[in-house]
Structures are given as structure tokens and as C-alpha cells.
1. I'm spelling it out carefully: the read-out is Kirkwood radius over Cα pairs in Å, the candidates are (i) 26.4; (ii) 28.6; (iii) 25.8, and one was derived from this structure. Which label?
2. Whenever you get a sec, line up 36, 413 from highest to lowest accessible area (probe 1.4 Å, protein heavy atoms).
3. If the only charges are +1 at each Lys and Arg Cβ and -1 at each Asp and Glu Cβ, what is the size of the charge dipole of the chain around the Cα centre, to the nearest 20 debye?
4. If one takes the longest principal axis of the Cα atoms in the chain, at what angle in degrees, from 0 to 90 and to the nearest 10, does the Cα axis of helix 160-169 lie?
5. Quick check: from the Cα gyration tensor, does the stretch 334-452 come out rounded (a/c under 1.5), prolate or oblate?
6. Using only the heavy atoms of the protein chains and a 1.4 Å probe, how would 327, 491, 384 rank by accessible area, largest first?
7. Please compute the length gained on full extension between residue 48 and residue 568, using 0.36 nm multiplied by the number of residues separating them and subtracting their Cα-Cα distance.
8. Return the Cα extents of the stretch 1-81 along principal axes one, two and three, sorted largest first, each rounded to a whole Å.
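The values are calculated or read from the model by the stated rules, or taken from the named source; none is laboratory data. Note that the structure is a prediction, hence the values are computed from the model and not measured. Note that each Cβ is placed from the backbone with ideal geometry, even for glycine, and that neighbours are counted across all protein chains shown. With ligands, DNA and RNA removed, areas are computed over all heavy atoms of the protein, side chains included. Shrake-Rupley method; radii C 1.70, N 1.55, O 1.52, S 1.80 Å.
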Amino acid sequence: MAGVGSLVQVPFHGRATRGWVLGPTDDVPPRMLAVKKAVSPVRFFDERMLALARWMAERYVAPLATCLARLSPPRVASEERTPAAPTVHAAAGWRAGGLFDRYREGAMLAATLAGDAGGAFVVRPAPEDEQALAVESVGLALSGGRTAIVVVPEADPVPATAAAVAEAFGGDVAMFAGGSERIRYRTWLAIQRGRYRVVVSGRAGVFAPLPGLGLIWVSRESHPGHREGRSPAAHARDVAMARARMEGAVCALSALCPSAEAMAAGGREVAPAQRAWPPVEVVRPGPEGRAPRLIAALGAARRGFLYSPLPGYGVARVCRACGEPARCAVCSGTLRSEGGEIRCVVCEASGRCAHCGAGEFGLARGGAERVEEWAARVARVPVRRAGTEPAPVASVDPAPGDEIIVGGPEAVKDVPPPALDLVGILDADLAARRPGLTAGEGSLALWMEAAGWARPSGRVIVQSSRPNDPLVQALVAGNPARFHRADALRRAGAGFPVGFPVFRVVGTAELEGELEALAPVTLLAVGLGDQRVCLVTVRPGDVAEFGRTIRDLAAHGVVARVEAEPHL
């Protein structure tokens, strides 16, 4: 029998169309055709998940049908005929370790998890506690008779947090990440049928149909992988907080460097009661990043990581044939040497001079490949770029695991605490020149995750010509509070206050006037042919009215497209 969440077939303009049952209504038109049949015996959502989808549709100004489709993976009909697996939960092997006793507000979080209450918390773990805190939080939720969701931003390789939770709770855990459509749908059905009490997943896991939800733990909350690129452009952080609020669960946003949005959301901050951060030394950059203090430390280190944000070996500056400034012959973009080839960083065309067509350039050396080259001449252990094999070092017989790794953002992963001797942050000044509203915050999050690898007895050296920059000082302190304060002022001054929804709206020439009538916080408009592109910031309490206006303007042909939270 069909009910809320059922997928059914209905006649629509002479064709059989699929739709979801949303529940009873008194708004029945005079002429109403009957549902032809139920397509599936599965109820894809209940009243609580329907409420979450309605919240998403309002918050991101997206069609409700699109939001409902995000609640479950693509359907594989043959899996619905597979008998339900028996509900067998693992024996309780986890024991509370009292880890939260070492954290400010930790006792409050532990008590809330073990009870039947809900609330929002921002967790800043000590680097070596990152995985253990997630395990303890899940265990406390289960001990209170509730279920838990752990959301991780990446699936490959398996994050250390995901692996730790799976190891601690065994058969109670559904690893809902990766795999074929068939496997994902089969796992989702098993979750819905109550086979598991814990779900570990990517951002889609925030919709896992677990009954009795007690905890949503968002690991590495500031990671860009938590944002959905398709409409609705939902962020796992915001959806997790909304679902936890609706279901009376705990939402814990965990990160060494939480986002400004997480800090502004009003949750209790859980942080170490005593400083748990490696010593950070700021030095002036040397040629190609070779500051003397870093070189000396590198020569003594057995295990280390050099964070080099630029890929490749260097950037082409001048054509050797004609002496003209180097630029791509196809799109005039920047040319970079990487993997022994020179290519355009914009269109990826093979490097040819835009003036004479030659392919020989003078390089400004700098990047992970160049760092690997000079670091190998300094270090006493093998040096390699992340994802490559190390070159042999004939003069030393290193112990297993002794090596220096060079990498950029792609190398900073959720890994077990590696306890490095040295972490070097190169080209820190580039963070101030990166485009984007949250570019600085993104750089700081990566720096802090890498710096955390130096716990418990290693050191961090960061090269910067601006030692008093709030970004650099936040890294030194191991606390992003100072940077967030400065950044909040900058963002408010630019017209994009922290926590205020932003939309990009495309429409006709009338659009700008219609949006001005709403008195938004910020309205920036440019012409694009016969269309207007408007960037709009609205107050959090005005989103519902803004959405109604946008839908009405779309019905009258004024709005062609709306995008929530565009990358700025």
C-alpha cells in the first residue's frame, strides 16, 4: 500500500509519469486522475526526511523534486526483491575512554550524547585525538540507545576517521561510500531496514535513513568536499545541523580549523583544555623556498612533510626564441612545466609561444617538483612527491617509514597520526593572493591539518614575509579565532557577511529592479548580452520570502536560473 515516500506512477498529459506521495491534502482539484500503480514497495522517505527536503528546497531555492531525489541513491529494482538481511548487531566491544574530560565543554557534549537531548557543537580536536574523538562520540550515542552518522569528505583512500569507527564498532557499521549503484542501493536498503546502527559515508550520508538518530559527526567540516556541486548546492554542514535540529540529535562539526560558518552557527566550542599544538616557527622565505632554518631542519629530519601549494617545476616567463613574455598561443594563459612538459594551466594546450610559436621557455622555478629536487640534495633520507616512489639514497640506510614527502593540497588527507619530525609550509604568502572569498580560510585549514602531523614532538616551520598576518598567527597559535575575527570584518565589508545566504540569479533586464525591492544586504548586477546576472546576499530570515519572489519571477519569465552559494 502506498503512503508517504512511495514512488508511484500517475497519468500526466496523457503519459505515465513517476512521482512521490507526500501525504494527504485538502487541496484537491475538481478533476483528479487516480494513481495507476505503486512502482516500488520501498518508502523512500518518511515525514521527517520530507521535512528536511522541504527545508533544503527553501534554503537553496531549489525544486522540491530535486531535493527529494537527493534523499536516496539511484534505484536498482532487482535489489528490492532481495530478502531483507536479519538485524544482527555486534556485541558491545567499545568502552568509554574519558577523552572528553580533557576538553572544555567536553563533559557537556558527552552528557548530551549519552542522554536523549540534542544540540550543536563545534569540535576542535587535538591532532592526535581526531579519530579517537569521533569513535568516543559514536560510542556514547550508541550507549544511549541511539544511532549515529559519520560524514567524511573523501572516500579514497579510506579516511582514518572512517577506518577507526569501522574498527571500533564492526558489524554495526555501514560503509556507505563508493561502489557500484547496485551496491550503494543494496546498502541503503539495509540501512533503512535497521541492519546497522552507524553509517559512515561521504556527504550523501547525511540523508541516511537511520531511525532513532542521536549523532551526526561531520569530520573535517571545513573541507570543500562537503559541498554538493549540483543543484541544490547543499553543504553537509548545514544539512546536518538542520536534520539534527529536526530530530533532536547532536550535530558535531569537527575540524582542526572549523569554517567561519561553523563558528558563527552558535554551537558550543569543544577544544583542548591545555595547549595541544606543535611549536611553529615563522621564517622569511629563502630562494625557491630554501630558508636557511628550514634547510638545517630538513637535514636533521628522519620523517617530514613539505607543503608546496604549487604543482610542477616552474612557470614559463619568457620565450627563448623571440624574447617575448610567455603566454599560451591558444588562450593567452599561463604556461607551467609539469612532468617534463610545458602546458597551459587554463586550457591545457601544449606550450607554444603566442608570439612566434616556439616551445622553449625560460622558467621561474618553483613548485612541488622543484622542491623535491632540492630537498633530495639536503635530506639524509629518501624524498618523494606524494603519490610517487622515492629516489634511492646511496649514503644512508633509512629505517622503514623514514622519508620526506613533498605535496600540495592533494596530499593533505585524513591519516593516522604520523608523528613527523618536521612539517614545512612553503609559499605561505601565496594564500593572500589566491582569488576567492574563503581562499584564506581554505589555506589555513590545510596548513593546520599538515602542522598537526608534527604532534607530539615535532616542529613546524612556515615561510612567510608577513609574520603578523592573521593567517600566519592563527597557525602559530593552533587556533583560528583571530583569523576568523579579521576575516569576518573583511567579508562584511565586501557585502558577504558570514552566515548570510548568497545567490547568483540570471534573468531579464527587469531582474535587478525586482531584486532591489526586496532590500537585500548586497546586490551586484552586470549585463550579459540581453540578460542580467545578479549576485545577491540576503538575511537568513529573509530566505523564504526571497525564494517565493524568485519562483514567482521565474513563472513570469523574469528569472532564468538561480544558483545558491556560488563559488566566489
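1. (i)
2. Numbers: 36 125, 413 50 Å².
Accessible-area ranking of 36, 413, largest first: 36, 413.
3. Values: 65 positive and 58 negative charges, 99 e Å.
Roughly 480 debye for the chain.
4. The answer is roughly 50 degrees.
5. Details: a/c = 2.63, a/b = 1.33, b/c = 1.98.
Oblate is the answer for the stretch 334-452, as a/c is 1.5 or above yet b/c matches or exceeds a/b.
6. Working: 327 110, 491 10, 384 50 Å².
My answer, sorted largest first, is 327, 384, 491.
7. Numbers: separation 520, 0.36 × 520 = 187.20 nm, distance 3.28 nm.
The residue 48-residue 568 span can extend by a further 183.9 nm.
8. For the stretch 1-81, the Cα extents along the three principal axes come out at 36, 33, 21 Å.
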